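What follows is a short report on a single structure.
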Amino acid sequence: DTAVSQTPKYLVTQMGNDKSIKCEQNLGHDTMYWYKQDSKKFLKIMFSYNNKELIINETVPNRFSPKSPDKAHLNLHINSLELGDSAVYFCASRSGVGNQPQHFGDGTRLSIL
Amino acid sequence: AQSVTQPDIHITVSEGASLELRCNYSYGATPYLFWYVQSPGQGLQLLLKYFSGDTLVQGIKGFEAEFKRSQSSFNLRKPSVHWSDAAEYFCAVGAGQAGTALIFGKGTTLSVSS
């Protein structure tokens, strides 16, 4: 009964390829996020969606495109992968009602060869 | 600008000893503060949170944290560390509005020696 699940857990691919990471939450939350954790373990927000609407779009290359087909899903598509995209990508979700913390998935480790 | 500082990059504590991890924040309004723990290869697990009220908050796994507005600090403590506590610890600040992202510190790696 994983609350926030990401697939795949590991993704190894070559430069120039296009890949997607999927995220699903079964918590009934209406806000979802993508964070990037770099090799020094620093976590930074990339995108945030609230009720399928884009709320936060940090300075991220436009090769990264999030898509939220419904409130429970937030996918991340990356075009023309570069070496610098190697990182762990975390999906998170949060209830928009009241003071609630964010719940994180286990992450997707993306390695670019 | 909002920021979170965790001054200690790496701390080693003997098993059974007490622990304090430091966190300082910079935030214009009343902050919502969090501590998360990340075990190797795992996601982030919430240890505890502070929104308002009692400045000493209790969390899971025997952790507690104290909010000190005058010092802009939210330090994490545990009276007796277990070997299984070895992990990466992140302090984060956020606002209450839906969609607002968390701002994380750079993390503190905790090692536990026997």
Selection from the range B:66-87 of residues that are surrounded by fewer than 17 Cβ atoms within 10 Å (Cβ to Cβ) and either within 14 Å of chain A (Cβ to nearest Cβ) or part of a strand (DSSP E or B) (or both): B:E66, B:K68, B:R77
What pairs come out if I take residues in the range B:70-83 that are at positive phi and pair them with residues that are in a strand (DSSP E or B) and surrounded by 12 or more Cβ atoms within 10 Å (Cβ to Cβ) whose C-beta lies under 7 Å away, six or more apart or interchain? B:S72/B:N24; B:S72/B:Y25; B:S72/B:S26
Quick count over the range A:85-113, residues being in contact with a Pro (Cβ under 9 Å, 6 or more places away or on another chain) and away from every other protein chain (no Cβ under 14 Å), is 1
Of (1) within 11 Å of chain A (Cβ to nearest Cβ); (2) outside any strand (DSSP E or B); (3) open to solvent by less than 20 Å² (accessible area, probe 1.4 Å), B:S52 satisfies all except one. Which? (3)
Taking the range B:24-49 as the search range and keeping residues that are open to solvent by less than 70 Å² (accessible area, probe 1.4 Å) and more than 14 Å from chain A (Cβ to nearest Cβ), which one is modelled with the lowest pLDDT? B:Y27
Output for Cβ contacts, cut-off 8 Å, separation at least six or different chains, first residue over 17 Å from B:A87 (Cα atoms) in the range A:38-52, second aliphatic (A, V, I, L, M) and in a loop (DSSP other than H, G, I, E, B), reads A:I45/B:A101; A:I45/B:L102; A:M46/A:V60; A:F47/A:V60; A:S48/B:A101; A:N50/B:A98
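Of all residues in the range B:55-65, which are within 11 Å of the chain's Cα centre (by Cα) and either surrounded by fewer than 20 Cβ atoms within 10 Å (Cβ to Cβ) or of a type in the set (A, V, I, L, M) (or both)?
To start, the set of residues in the range B:55-65 that are within 11 Å of the chain's Cα centre (by Cα) comprises B:59, B:63-65.
Within the range B:55-65, B:G59, B:E64, B:A65 meet the criteria.
The values are calculated or read from the model by the stated rules, or taken from the named source; none is laboratory data. All figures in this text were calculated on a predicted structure; none of them were measured in a lab. Here the Cβ is made from the backbone with ideal geometry for all residues, glycine too, and neighbour counts use every protein chain on show. Each accessible area value is taken on the protein alone, full model and side chains, heavy atoms only, with ligands, DNA and RNA left out. Shrake-Rupley method; radii C 1.70, N 1.55, O 1.52, S 1.80 Å.
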